[in-house]
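Please read the structure below before turning to the comments.
The values are calculated or read from the model by the stated rules, or taken from the named source; none is laboratory data. Not measured: the values here are computed from a predicted model. Methodologically, a virtual Cβ is constructed for each residue, glycine included, from the backbone with ideal geometry; neighbour enumeration extends over all protein chains shown. Surface accessibility is based on the protein's heavy atoms, side chains included, excluding ligands, DNA and RNA. Shrake-Rupley method; radii C 1.70, N 1.55, O 1.52, S 1.80 Å.
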Amino acid sequence: MSPAETSTSSAVTLNINGEKHTLPVDHRTTLLDALRERLDLTGTKKGCDQGQCGACTVLVDGRRAVSCLQLAVAAEGREITTIEGVAQGDRLHPVQQAFVELDGFQCGYCTPGQICSALAVLEEHAAGWPSAATEDVRPEAGPPPLTPEEIRERMSGNLCRCGAYVSIVQAVARAAAQTTDGAKEQVA
C-alpha cells in the first residue's frame, strides 16, 4: 500500500455560514473540533462531547446535528450553519431577539445550541412534521398548534443546566409567532 492509501487525513472543504473553508483534517476530527479548534468559530460549545446535551447543535442542510458526533469529513459538501451565521449583519434573527428579550438564557453556555435547535424546530413545525407530543399526526391535519408542550418536546435534545426552560419555551413561541406573522404579511 502506498502512503496515500494509508493516510488518516485529507483536505476537506466545509461550507460554513455561506463561506467555503478548505483545511486538512484527521479523518477522526469531529465537526465540532474543526469548527472550534481549526476555524475559530467558538460560538458552538463543547458540552458533554457525547451527543447528549445539545450544546454543540448546528444546522447541517437545515437540520439539527450535534456536531460532537458528526465527523468533519462527513460534512463536506453540506451547508453548515453555526450561531455565527444566524444574524443578518447587526440585525438579530427573531429567535435570537426573542431569547434576549425574554431572558431565554442565564449563563449562556447552551444558548447557541438552543438557538440553532429552535431554528430547526420552527422549520420542522412549518413543514408539518409531527413530534412525539403531536396529538393528530395525520398529514391532512396540518401543522399542530405550537403549544408549550410541542415546543418542550421538540427542544428536548437541548439541556440547560441553569434551568431557563420556561423562558426558552416562551422565546421559541414568540419567534414562531413573529415569523408566522412575517410570512403572512409577505403573502398579503
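In terms of its alpha-carbon gyration tensor, segment 94-187 comes out oblate; a/c meets the 1.5 threshold, while b/c is at least as large as a/b. Accessible area per residue for segment 1-141 is 53 Å², calculated with a 1.4 Å probe on protein heavy atoms, without ligands, DNA or RNA. Roughly to the nearest percent, how much of the accessible area of the chain is carbon and sulfur, given a 1.4 Å probe? Summing carbon and sulfur atoms, their accessible area is 50 percent of the total for the chain. With the highest mean first, a sort of the peptides 64-74, 115-125 on other beta-carbon atoms found within 10 angstrom per residue produces 115-125, 64-74.
Considering only beta bridges that DSSP places wholly inside the chain, some 90 percent are antiparallel. Need one word for segment 67-106: rounded, prolate or oblate. Basis is the Cα gyration tensor (sqrt eigenvalues a ≥ b ≥ c); a/c below 1.5 gives rounded, then a/b vs b/c decides. Judged from the Cα gyration tensor, segment 67-106 comes out oblate (a/c at least 1.5, b/c at or above a/b). Maximal additional length on extending the ALA11-ALA74 stretch stands at 21.5 nm, based on 0.36 nm per residue less the C-alpha distance.
Residues in segment 38-46 carry Karplus couplings, in order, of 9, 10, 6, 9, 8, x, 6, 9, 9 Hz; the curve used is 6.51 cos²θ - 1.76 cosθ + 1.60 with θ = phi - 60°, and Gly or Pro positions show x.
For every other residue with a beta carbon closer than 15 angstrom to the beta carbon of GLU79, add +1 if it is Lys or Arg and -1 if Asp or Glu, then tell me the sum. That works out to -1. Each label was represented as a point 7 Å from its Cα along the Cα-to-Cβ direction; for GLN97 and GLU140 these points are 3.9 nm apart.
Screening the chain for DSSP H helices whose Cα atoms reach 15 Å or more along their own axis and whose mean Kyte hydropathy is at least -1.0 gives 111-126, 165-187.
Overall shape: prolate for the chain, with the ratio a/c of the largest to smallest alpha carbon gyration tensor axis at 1.5 or above and a/b above b/c. Dividing the helix sum by the residues of the chain, where each DSSP H run of 4 or more adds -39500 (n - 2.57), gives a mean residue ellipticity at 222 nm of -9500 deg cm²/dmol. Available extension along the chain between ALA133 and GLN52 is 27.1 nm, counting 0.36 nm per residue and deducting the alpha carbon span.
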